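The block underneath contains the structure these notes are about, expressed in C-alpha cells.
The values are calculated or read from the model by the stated rules, or taken from the named source; none is laboratory data. A quick note: this is a predicted structure, and the numbers were derived from the prediction, not measured. Cβ atoms come from the backbone with ideal geometry, glycine included; neighbour counts cover every protein chain shown. All accessible areas refer to the heavy atoms of the entire protein, side chains included, with ligands and DNA or RNA removed. Shrake-Rupley method; radii C 1.70, N 1.55, O 1.52, S 1.80 Å.
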Amino acid sequence: MNLLDTRPPFAGINGEIPPEFKTLSTPCYLMDEAVLQHNAEVLGALQKRTGCKVLLAQKAFSNYDLYPIFAPHLVGTEASGLFEARLGAEEMPGGEVHVFCAAYREDEMDELLRYADHIVFNSPRQLQKFAPKAKAAGKSVGLRINPECSTQEGHEIYDPCAPGSRLGTTRAQWDKAVQEDAHLPELLDGLHFHTLCEQDADALEATLNAVASTFGDLLPKMQWLNFGGGHHITRPDYDMETLERCIRRAQQDWNVTVYLEPGEACALNAGYLLSRVLDVVRNGETTIAILDASAACHMPDVIEMPYRPPLLGAGEPGEKPYMVRLAGPTCLAGDVIGDYSFDAVPAVGDLLVFGDMAIYTTCKNNTFNGMPLPGIYSRTAGGDIRKLASFGYRDFKYRLGSP
Ligand SMILES: *Cc1c(COP(=O)(O)O)cnc(C)c1O
C-alpha cells in the first residue's frame with residue numbers, strides 16, 4: 001500500500017470506515033500498524049542515508065506491544081524519567097535508552113542508571129550532582145541547552161525558548177556555572193536541545209544556527225549532539241532535504257553523532273479514536289452531538305494545545321450543509337471536541353472516527369468524571385484487529401485508594 005495515495009490522517013483506511021471498525025465497542029483507540037510501519041521505515045531510511053541515530057520518544061507514544069515495529073529501524077527509545085526508561089529497556093531490548101528529565105530525584109538515580117545509556121541533565125547543578133555517578137556507571141552524560149531561539153508562535157506552553165523557561169541551560173547560565181566550577185565541562189559527552197513542536201526543518205535550521213553561535217565552541221569536544229523532538233519528519237510535505245543538510249552540517253562541523261528523538265513523527269496519523277453518538281441536542285442555533293468520547297479525558301491535547309482533531313467524512317465549518325458541535329459526555333462545560341460540518345446531522349448510535357489519535361492520547365488520558373479509559377486495539381496491514389488493552393471500574397478505583 002502506498003500511504004501517500006490518499007490524504008492523511010485517513011490514508012491507512014483509504015478514507016472510509018472499514019467494516020471491522022463497526023465491531024468494536026466505543027470509545028476505543030485503534031492503532032494502524034501499516035502507518036506505524038511506514039513511519040518507522042521513513043525514519044529508518046533517514047538513519048541509513050545520513051548516519052544519524054533516531055530514538056522513539058515514548059512520551060508521545062508508548063504502546064509497547066507495537067515497539068517491535070520500530071525496533072528494526074530505530075536505535076532505541078527516549079524517556080522522560082524512570083518509568084519510561086524502564087519501559088524502553090524492557091520493551092525494546094537491545095535498544096539504546098536515553099533519558100532527559102527537568103530534574104532527577106536522588107532516590108531514583110541508582111535504578112535509573114541501570115536502564116539508561118545516555119542521561120541528559122537540565123541544569124549545571126544537576127550535572128554537578130549526578131554526572132560523576134553516571135560516568136562511574138559507564139553512562140554517556142549530556143546537558144540540555146537552551147539556544148534561546150523561539151521558532152513557534154502562539155504555543156507558549158510548547159516553547160522551551162520562551163522567556164523565563166526552565167528547560168535547558170542558557171549560555172549565560174553555563175558561563176556562570178563554569179566560573180564557579182571549572183571542571184564542569186569535563187563531565188560532558190554531549191549536548192541536547194529540544195525546542196521544536198510539530199515543526200518543519202526550516203525551524204530546525206534556524207535553531208541549529210543559534211546553537212552554533214551560542215554553544216559552537218563547546219561542540220568540537222562533544223561526542224554527540226541530540227536535536228530533540230518536534231520534527232514532523234513523517235508528514236508528507238516535510239522538508240527532508242533541509243533536515244539532512246542540518247544533520248550533515250553537525251557531523252561535518254563538529255564531528256558529532258547526531259541523535260533525533262521524535263515522538264509525534266513515529267506515530268503520526270497512525271491511530272484512530274472511535275466514538276459513537278449518545279445524544280443530539282439543539283440550543284438556539286447550535287446543534288450539539290454528545291459522544292461517548294471526551295476531549296478532556298481521551299484527547300486532552302484538544303483542550304491543552306488547543307486544536308480540532310480530524311474527523312473522517314466531516315468538513316470544515318461551512319464546507320458542508322449541517323454544522324454540528326461535537327462534545328464529550330463529562331460535566332466539564334469546555335469538554336468540546338470542535339465544530340464540524342456534515343452532509344447530514346449524525347444520528348444517535350452513529351460511529352465517528354477521529355484521526356491522528358495514536359500520539360499523546362493513550363499515554364496521556366485520564367478518568368476524570370469516572371470516565372472509563374477507552375480500550376486499545378491494533379489493526380494489522382491485513383485488517384485483522386487485536387486487543388492490546390482494556391479497562392474497567394478497577395482501573396478507575398485503584399488510582400484513588402486501596403480497595
Ligand atoms: C516531547 C519531547 C520529545 C518528543 O517530541 P515530539 O514533539 O513528540 O516529537 C523529544 N525529546 C524531548 C526532550 C521531549 O521533551
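Tabulated results
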item: Unmet criterion (only one of (1) open to solvent by less than 40 Å² (accessible area, probe 1.4 Å); (2) within 16 Å of the ligand (Cβ to nearest atom); (3) among the small types (G, A, S)) for S150; result: (1)
item: Answer residue from the range 132-147, given it is of a type in the set (A, V, I, L, M) and over 24 Å from G216 (Cα atoms) and is most open to solvent (accessible area, probe 1.4 Å) among those; result: A136
item: Leading residue by the ranking (most open to solvent (accessible area, probe 1.4 Å)) among those in the range 315-352 that are touching a residue at least 60 places away in the same chain (Cβ under 8 Å) and hydrophobic (A, V, I, L, M, F, W, C); result: V348
item: Residue tally, condition of a type in the set (K, R) and open to solvent by 50 Å² or more (accessible area, probe 1.4 Å), over the range 358-381; result: 1
item: G355, sole failed condition from (1) buried (at least 16 other Cβ atoms within 10 Å of the Cβ); (2) in contact with an Asp or Glu (Cβ under 6 Å, 6 or more places away or on another chain); result: (2)
item: Helices (runs of 4 or more DSSP H) contained in the range 215-314 and holding at least 1 residues in contact (Cβ under 8 Å) with a residue 12 or more places away in the chain and within 16 Å of the ligand (Cβ to nearest atom); result: 240-254, 264-267, 301-304
item: Residues of the range 30-81 satisfying the condition of being surrounded by fewer than 23 Cβ atoms within 10 Å (Cβ to Cβ), within 14 Å of the ligand (Cβ to nearest atom), free of Cβ contacts under 8 Å to residues at least 40 places away in the same chain and closer than 21 Å to I376 by Cβ; result: S80
item: Cβ-Cβ under 7 Å pairs, at least 6 apart or on other chains, the range 179-200 side free of Cβ contacts under 8 Å to residues at least 60 places away in the same chain, far side of a type in the set (V, I, T) and open to solvent by 20 Å² or more (accessible area, probe 1.4 Å); result: P185/V178; T195/T151; L196/T151; Q199/T151
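Let's see how each residue does on (1) open to solvent by 10 Å² or more (accessible area, probe 1.4 Å); (2) touching a Ser or Thr at 6+ places or on another chain (Cβ under 9 Å):
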| position | (1), (2) |
| --- | --- |
| S165 | yes, no |
| Q173 | yes, yes |
| A182 | yes, no |
| L196 | no, yes |
| D200 | yes, yes |
| A212 | yes, no |
| P220 | yes, no |
